[in-house]
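Following: one structure in structure tokens, then a few remarks.
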Amino acid sequence: MTNDVSSWGWYVPSNPPGYSTFSDDNLDGSLNGLVVDPAGYVEVILRDANHDGIINDDDPDDGYRTDPGEYIIGPTGTVVPDEVALYTNGTITIAGTTYTDIDMVVTLFTDGTYSVRIMDYDIPPGIYSDVTYIQLGTWDGVDYTGVNLSGVDQPFVCFAAGTRVDTPYGPKRVERLQVGDTVLTRDHGPQTVRWVASSHVPGQGPNAPVRIPVGALGNDRLVELSPQHRVMVAGPLIDLYFDAPEVLVRAKDLIGVNGISYVRRPVAHYVHFACDRHEVVTAHNMAVETFYPGPQARDILGQGAFDRFATAVGDMKTYGPIARPVLSGAEARVLAGLLSQDGGALGTETQGHKTQDLHAPAQ
């Protein structure tokens, strides 16, 4: 059985500058500064026939050839990677806002056409229909061996686009948050957003969004989070069983409770943001965490985005502790069982905020 992974990019149905059918090195500095038409946006399937996590290019120079049965399926047919190159310091404009220092990967196909995709760790906030300008930066000089599927299938910890986070000026869509904006936190009042990142990933497997129906966790609107994103639960039941009045639990560990379920999408648009420290914020009357750099943050974000995060928040060693105790997988299963028995009992006031207040079963 093949391993199909959803992805996306901008497809150009013509040859890149300086292209030659007799050359195995068409992707080089000759593409520096190339402007790409954003109207070429497509969604594709990466077919990984041997499950090794990479679709090798067909470039003999790097010692690899494409494995049988592996290719990229687009809306008008299939293509096979021939060369792969990374261009740094590119430029993209979304909804009138221009972002620079963007890393983009260019994949040249055996038929001479090519595609451009922003590296996941560099995707700015926004949606692709609002992209009006794309320009490659500078070739990094490396001859890559193929398309790595892990770059489009990492377990992000973040909000689904469309989620509204409380600010001093009212709720704001998370994908419209910018560095310098202010959000309301439960512990430290208004706090400045120091870092924002956005990712479009296959909304399946480890990245399938978790759908939280209205009222399931005290929320007054349907909310979707990435599976690893933690929500806060509180109340006598929590204190009784976990020796803490408030704890954080991963959204995926609440699957099956009060109608909480996975929802699969071809592409999931996730947004994550951070303040000066890990915080608990409110989204649709539901208490949720901001981004916290766990041990896999560097691998998940990519080196470029991780470095920008570290620069934005300062010394990682002094970033501070996690805002609440975190339930382990085993503890979360206990919680889910208790909630199922108790019917949830959610949505009461705690310290002037709406929160998921879970009551102990009646004696």
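Tabulated data for the structure shown
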read-out	value
Relative contact order, percent, region 184-238 [alpha-carbon distance under 8 Å, six or more residues apart]	22 percent
Surface accessible to a 1.4 Å probe, per residue, for the residues of region 208-287, Å²	32 Å²
Additional length obtainable on full extension of the chain from ASP101 to ARG47, 0.36 nm per residue less Cα span	16.4 nm
VAL35-THR21 pseudo-label distance in nm [points 7 Å out on the Cα-to-Cβ vector]	3.0 nm
Percent carbon-and-sulfur accessible area, region 64-107, ignoring ligands, DNA and RNA, probe 1.4 Å	52 percent
Gain on full stretching of the segment that runs from THR138 to ILE322 - 0.36 nm per residue minus C-alpha separation	62.4 nm
Under 9 Å, Cβ to Cβ, from ARG324 - net charge with Lys/Arg +1 and Asp/Glu -1	-1
Over region 1-62, relative contact order from alpha-carbon pairs under 8 Å, at least 6 apart, %	52 percent
Stretch gain in nm, segment ASP220-ILE255, where the contour uses 0.36 nm per residue and the Cα spacing is subtracted	10.7 nm
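The values are calculated or read from the model by the stated rules, or taken from the named source; none is laboratory data. Since the model is a prediction, treat every value here as computed from it, not as a measurement. Positions of Cβ are backbone-derived with ideal geometry, glycine not excepted, and every protein chain shown enters the neighbour counts. Surface areas here come from the heavy atoms of the whole protein model, side chains and all, with no ligands, DNA or RNA. Shrake-Rupley method; radii C 1.70, N 1.55, O 1.52, S 1.80 Å.
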